[in-house]
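Everything below concerns the one structure shown next.
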Amino acid sequence: MGDLIRSLIEHRMEIQRKRDATAKNTEEYERLDVIQEQLKILANAISYGIFIEIITEDRPTRTVAYGLERFTAKVNRTEDFGRFFNPILATMLTSGARLMLAMAEAWLQQHHGRYAFCDTDSMAVSPRHWKPLQAFFQPLNPYESSEPLLKLEYADRDENGRLLDLWFYGISAKRYVLYRI
(Lines give C-alpha, C1' and ligand atoms only; values in the text may rest on other atoms or scores of the structure.)
Protein backbone atom coordinates (compact mmCIF):
# COMPACT_ATOMS: atom_id res chain seq x y z
CA MET A 1 0.00 0.00 0.00
CA GLY A 2 2.85 2.38 0.65
CA ASP A 3 3.15 5.17 3.20
CA LEU A 4 -0.30 6.75 3.69
CA ILE A 5 0.93 9.82 5.54
CA ARG A 6 3.68 10.48 3.01
CA SER A 7 1.14 10.09 0.17
CA LEU A 8 -1.25 12.54 1.85
CA ILE A 9 1.48 15.13 2.32
CA GLU A 10 2.74 14.74 -1.26
CA HIS A 11 -0.83 15.04 -2.56
CA ARG A 12 -1.27 18.20 -0.45
CA MET A 13 1.91 19.68 -1.96
CA GLU A 14 0.55 18.94 -5.45
CA ILE A 15 -2.76 20.67 -4.59
CA GLN A 16 -0.86 23.66 -3.15
CA ARG A 17 1.15 23.97 -6.40
CA LYS A 18 -2.09 23.96 -8.42
CA ARG A 19 -3.64 26.49 -6.04
CA ASP A 20 -0.63 28.80 -6.26
CA ALA A 21 -0.76 28.65 -10.07
CA THR A 22 -4.42 29.76 -9.94
CA ALA A 23 -5.53 33.40 -9.73
CA LYS A 24 -6.20 34.43 -6.12
CA ASN A 25 -9.73 35.27 -4.99
CA THR A 26 -11.29 32.95 -7.56
CA GLU A 27 -13.64 30.06 -6.87
CA GLU A 28 -11.02 27.54 -8.06
CA TYR A 29 -8.32 29.05 -5.80
CA GLU A 30 -10.66 28.84 -2.79
CA ARG A 31 -11.66 25.25 -3.67
CA LEU A 32 -8.04 24.12 -3.89
CA ASP A 33 -7.18 25.95 -0.68
CA VAL A 34 -9.96 24.11 1.18
CA ILE A 35 -8.74 20.76 -0.17
CA GLN A 36 -5.12 21.37 0.85
CA GLU A 37 -6.23 22.47 4.33
CA GLN A 38 -8.36 19.31 4.71
CA LEU A 39 -5.41 17.15 3.66
CA LYS A 40 -3.24 18.90 6.24
CA ILE A 41 -5.78 18.24 9.00
CA LEU A 42 -6.17 14.60 7.95
CA ALA A 43 -2.41 13.96 7.84
CA ASN A 44 -1.92 15.62 11.24
CA ALA A 45 -4.79 13.68 12.79
CA ILE A 46 -3.49 10.36 11.51
CA SER A 47 0.19 10.93 12.22
CA TYR A 48 -0.03 12.80 15.50
CA GLY A 49 -3.51 13.57 16.83
CA ILE A 50 -4.69 10.00 17.04
CA PHE A 51 -1.92 9.20 19.53
CA ILE A 52 -2.78 12.05 21.92
CA GLU A 53 -6.58 11.92 21.69
CA ILE A 54 -8.39 12.58 24.96
CA ILE A 55 -12.18 12.39 24.87
CA THR A 56 -13.89 14.77 27.29
CA GLU A 57 -17.46 14.36 28.38
CA ASP A 58 -19.67 16.56 30.57
CA ARG A 59 -20.42 13.96 33.22
CA PRO A 60 -20.02 14.54 36.96
CA THR A 61 -17.88 11.92 38.65
CA ARG A 62 -15.43 11.42 41.50
CA THR A 63 -11.75 11.06 40.73
CA VAL A 64 -8.51 10.49 42.57
CA ALA A 65 -5.93 13.29 42.32
CA TYR A 66 -2.24 12.75 43.00
CA GLY A 67 0.22 15.43 44.08
CA LEU A 68 2.05 16.00 47.32
CA GLU A 69 -0.94 14.24 48.83
CA ARG A 70 -3.50 11.86 47.37
CA PHE A 71 -7.13 13.01 47.57
CA THR A 72 -10.54 12.40 46.02
CA ALA A 73 -12.43 15.20 44.29
CA LYS A 74 -15.75 15.67 42.51
CA VAL A 75 -15.33 16.90 38.91
CA ASN A 76 -17.89 17.93 36.29
CA ARG A 77 -16.02 16.46 33.30
CA THR A 78 -14.44 13.13 32.60
CA GLU A 79 -11.46 12.51 30.36
CA ASP A 80 -10.90 9.16 28.71
CA PHE A 81 -8.02 8.16 26.46
CA GLY A 82 -8.78 7.57 22.78
CA ARG A 83 -8.46 4.07 21.34
CA PHE A 84 -4.93 4.66 20.00
CA PHE A 85 -3.72 6.89 22.85
CA ASN A 86 0.04 6.61 23.16
CA PRO A 87 1.69 9.64 24.80
CA ILE A 88 5.19 8.26 24.22
CA LEU A 89 4.68 8.08 20.46
CA ALA A 90 2.89 11.45 20.38
CA THR A 91 5.72 13.19 22.21
CA MET A 92 8.32 11.57 19.94
CA LEU A 93 6.63 13.12 16.89
CA THR A 94 6.64 16.63 18.35
CA SER A 95 10.15 16.09 19.72
CA GLY A 96 11.36 15.48 16.15
CA ALA A 97 10.14 18.94 15.15
CA ARG A 98 11.80 20.47 18.22
CA LEU A 99 15.03 18.66 17.34
CA MET A 100 14.98 20.19 13.85
CA LEU A 101 14.53 23.67 15.38
CA ALA A 102 17.45 23.03 17.74
CA MET A 103 19.57 21.86 14.79
CA ALA A 104 18.63 25.01 12.86
CA GLU A 105 19.53 27.17 15.86
CA ALA A 106 22.90 25.42 16.25
CA TRP A 107 23.60 25.71 12.50
CA LEU A 108 22.81 29.45 12.59
CA GLN A 109 25.11 29.92 15.58
CA GLN A 110 27.98 28.13 13.77
CA HIS A 111 27.44 30.31 10.70
CA HIS A 112 27.02 33.61 12.57
CA GLY A 113 23.33 33.78 11.68
CA ARG A 114 20.40 35.02 13.67
CA TYR A 115 16.75 34.17 14.05
CA ALA A 116 14.01 36.53 15.17
CA PHE A 117 11.59 33.94 16.53
CA CYS A 118 10.61 30.31 16.24
CA ASP A 119 7.37 28.47 16.76
CA THR A 120 6.52 24.76 16.92
CA ASP A 121 7.30 24.24 13.22
CA SER A 122 8.88 27.45 11.92
CA MET A 123 11.77 29.82 12.42
CA ALA A 124 12.39 33.33 11.06
CA VAL A 125 16.08 33.39 10.06
CA SER A 126 18.39 36.06 8.73
CA PRO A 127 17.89 36.43 4.94
CA ARG A 128 21.44 35.58 3.91
CA HIS A 129 21.26 32.27 5.79
CA TRP A 130 17.96 30.80 4.67
CA LYS A 131 19.21 29.18 1.43
CA PRO A 132 22.27 27.49 3.03
CA LEU A 133 20.10 26.37 5.96
CA GLN A 134 17.54 24.99 3.52
CA ALA A 135 20.32 23.08 1.72
CA PHE A 136 21.62 21.73 5.06
CA PHE A 137 18.24 20.11 5.81
CA GLN A 138 17.41 18.91 2.28
CA PRO A 139 19.04 15.45 2.69
CA LEU A 140 16.42 14.75 5.39
CA ASN A 141 13.53 15.31 2.95
CA PRO A 142 11.47 12.08 2.85
CA TYR A 143 9.20 13.16 -0.03
CA GLU A 144 9.35 12.31 -3.73
CA SER A 145 8.90 15.98 -4.61
CA SER A 146 11.94 18.10 -5.38
CA GLU A 147 10.32 20.84 -3.30
CA PRO A 148 12.58 21.88 -0.40
CA LEU A 149 11.84 20.47 3.03
CA LEU A 150 12.18 23.95 4.53
CA LYS A 151 10.12 26.58 2.77
CA LEU A 152 10.43 30.35 2.57
CA GLU A 153 7.18 31.85 3.81
CA TYR A 154 8.01 35.51 3.25
CA ALA A 155 8.99 36.03 -0.36
CA ASP A 156 8.56 39.77 -1.11
CA ARG A 157 11.39 40.83 -3.42
CA ASP A 158 12.69 44.01 -4.99
CA GLU A 159 13.00 44.59 -8.76
CA ASN A 160 16.41 42.79 -8.74
CA GLY A 161 14.96 39.68 -7.12
CA ARG A 162 16.51 40.29 -3.70
CA LEU A 163 14.43 39.68 -0.59
CA LEU A 164 13.13 42.89 0.94
CA ASP A 165 14.25 43.69 4.47
CA LEU A 166 11.78 42.45 7.02
CA TRP A 167 12.08 43.95 10.47
CA PHE A 168 11.07 42.29 13.70
CA TYR A 169 9.98 43.70 17.03
CA GLY A 170 9.12 41.25 19.79
CA ILE A 171 8.29 41.48 23.45
CA SER A 172 7.54 37.82 24.15
CA ALA A 173 7.16 34.48 22.39
CA LYS A 174 3.73 35.18 20.90
CA ARG A 175 3.79 38.98 20.93
CA TYR A 176 5.71 40.30 18.00
CA VAL A 177 5.24 42.21 14.79
CA LEU A 178 6.97 41.92 11.41
CA TYR A 179 7.22 45.09 9.33
CA ARG A 180 9.07 46.88 6.55
CA ILE A 181 10.52 50.40 6.83
Heavy atoms of the protein only, probe of 1.4 Å, neighbouring chains included. What is the accessible area of Phe71 in Å², nearest 10?
110 Å²
So what's the Cα pair-distance distribution over the stretch 76-144, bin width 5 Å, in %?
3, 13, 21, 19, 13, 10, 7, 6, 5, 3, 1
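Multiplying the sequence separation of Asp80 and Phe117 by 0.36 nm and subtracting their Cα-Cα distance, what value in nm do you get? Mind showing how you got there, number by number?
On the way: separation 37, 0.36 × 37 = 13.32 nm, distance 3.56 nm.
Full-extension gain reported as 9.8 nm.
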Run the reach check for Lys131 against lysines, Cα to Cα strictly under 19 Å, same-chain hits fewer than 8 apart removed. What comes back?
Lys151
Cleavage-rule hits (GluC sites (Glu not before Pro)) in the stretch 23-73: DSSP loop, at most 10 neighbouring Cβ within 10 angstrom
Glu69
Amide hydrogen neighbours beyond the local backbone of Asn86, cut-off 5 Å, H modeled:
Ile52, Glu53
What translational diffusion coefficient, in µm²/s and rounded to a whole number, does the Stokes-Einstein relation yield for the stretch 61-100 at 37 °C and a viscosity of 0.692 mPa s, taking the hydrodynamic radius as the Kirkwood radius over Cα pairs?
251 µm²/s
Evaluate the distance, in nm, between pseudo-label points positioned 7 Å from the Cα of Glu57 and of Ala97 along their respective Cα→Cβ axes.
3.0 nm
Below 8 Å, C-alpha to C-alpha, sequence gap of six or more: please give me the relative contact order for the chain in percent.
12 percent
May I ask you to derive the relative contact order of the stretch 11-107, considering only C-alpha pairs under 8 Å and at least 6 residues apart, and to give it as an integer percent?
22 percent
Here the chain gives, from Cα atoms, an Rg and Dmax in Å of 21.5, 68
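Using the Cα centre as the reference, give the magnitude of the dipole from point charges on the C-beta atoms of the stretch 1-80 (Lys, Arg: +1; Asp, Glu: -1; all else neutral), rounded to the nearest 20 debye.
Working: 13 positive and 15 negative charges, 44 e Å.
Approximately 220 debye in magnitude.
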When the Debye formula is applied to the Cα atoms of the stretch 1-61, each taken as the same point scatterer, what base-10 log of I(q)/I(0) results at q = 0.20, 0.22, 0.24, 0.25 Å⁻¹?
-0.77, -0.85, -0.93, -0.97
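The values are calculated or read from the model by the stated rules, or taken from the named source; none is laboratory data. All values derive from a computational prediction rather than experimental measurement. Every residue, glycine among them, receives a Cβ derived from its backbone with ideal geometry; neighbour counts consider all protein chains shown. Only protein heavy atoms, including side chains, enter the accessible area calculation; ligands, DNA and RNA are left aside. Shrake-Rupley method; radii C 1.70, N 1.55, O 1.52, S 1.80 Å.
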